[in-house]
Every structure is written in structure tokens, then in C-alpha cells.
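Worksheet: one structure, shown below.
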Amino acid sequence: MMKQFPLTKFQKLTETATWGLALLTAVVTVVVFPRLPRLVATHFDAYGIANDWGGRWTVLLIPVLLAVCCGLVSLCARLPLRWVNLPFQVNLEREWFVLRGVRDMLCVLNAEVSLLFAVIQLFVLLQRNLPMGFVWGMVGFVCATLLFGLWRCWKCNQGTL
């Protein structure tokens, strides 16, 4: 029988920051909403130039999607390790270290994705073109976090980290 471990201080702090950013995004959206034009940019091309528009009510979707994504990742961070599909067999003697690595990775990914959603929403609300360098940089950070997190879990499982 595998034990359930509480979240660490780092994980709680990261989750608090993530939910704070989600709340801030929702509040800014509600405050700016009455001043938005009837049509707002809803899609940006690979160069960050707006190429599709929709009604201003569409800006309300990003805070909702952000809350759903944050909630799902937060829920996943609380799952027992036996429900997590890792590309290696977990050494039960190192269970806590592997679980901590998985949770750290999920909490950091959650914060990164929340930041990406918040910045996209900010540029939509300001009716400015999106700097694609930022988007590609965030995609790189997310991929690097995922790879580093899996490597760290694997090393923890071996007892070498």
C-alpha cells in the first residue's frame, strides 16, 4: 500500500502563485471588459499579428480556460504516485522522492502555462500584436521543464539524485 504525502512548501507556494495569477487575469479582464471595442483579436499568426477577430465576449474564455487548466493540473499534482504513468518502474523505497519530483514538475508547469495564458490575455485586452518570441520562449520553457522533471524523477528513482 503506497502512502499519500502532503504537498511541500515549494509546491504550495507555486500553486498559490498560479492561482493568484489566474485570479488577477480574471479581475483585469472584468475591469477592462466594458472598455473593449465590439471586435477584438482572437487569433494571432506565427509572426504575432492578429488575423482573426470575434466579439468582445470571447475575452472571457481565457480566464475560464485558465481556471480549468489550473484546476486539472492541481488535481493531478495531488494524485497518488500509482496513478501516474512514468516511463520507468518506480522503486518503492524511493517513492517519496519520485512523487516529489513529479509534483514539482507539475506545479512549475502549471505556473508556466498560467503565465502564458495571462500574457496572451493581456495582449488581447490591450489590442496589441503578440510578441511571438515570448510565446516560443514559453513553449521552450515548458518543454525544458517537462524534460528536466522527467530526468529528475528518473534519477531520484535510481537513488542518484
For the stretch 114-161, count the residues as N, evaluate 2.2 N^0.38 Å, and divide the Cα radius of gyration by that value, please. 1.67
Note, ³J(HN,Hα) from phi for the stretch 69-82, Karplus 6.51, -1.76, 1.60, rounded to Hz, x at Gly and Pro: 4, 4, x, 5, 5, 4, 5, 4, 5, 9, 6, x, 4, 5
Output the Cα-based Rg and Dmax of the chain in Å, rounding Rg to one decimal and Dmax to a whole number. 18.6, 59
Listing Asp52, Asp45, Asp104 by rising number of other beta-carbon atoms within 10 angstrom, fewest first, gives Asp52, Asp45, Asp104
In whole Hz, what ³J(HN,Hα) sequence does the stretch 7-15 give by Karplus (6.51, -1.76, 1.60; θ = phi - 60°), x for Gly and Pro? 5, 7, 4, 4, 5, 5, 5, 5, 5
Write down the Kirkwood hydrodynamic radius of the stretch 49-122, to one decimal in angstroms, obtained as one divided by the mean of 1/r over all alpha carbon pairs. 14.6
Residue list for the stretch 63-83, given a label point 7 angstrom along the Cα-to-Cβ vector of Val30 and an amide N cut-off under 13 Å: 63-64
Tally Lys and Arg at +1 and Asp and Glu at -1 over the other residues with C-beta under 14 Å from the C-beta of Thr145: what net charge comes out? 0
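FYI, it's all coordinate maths here, none of it is from the lab. Small disclaimer: the values here were computed from a predicted structure and weren't measured. Methodologically, a virtual Cβ is constructed for each residue, glycine included, from the backbone with ideal geometry; neighbour enumeration extends over all protein chains shown.
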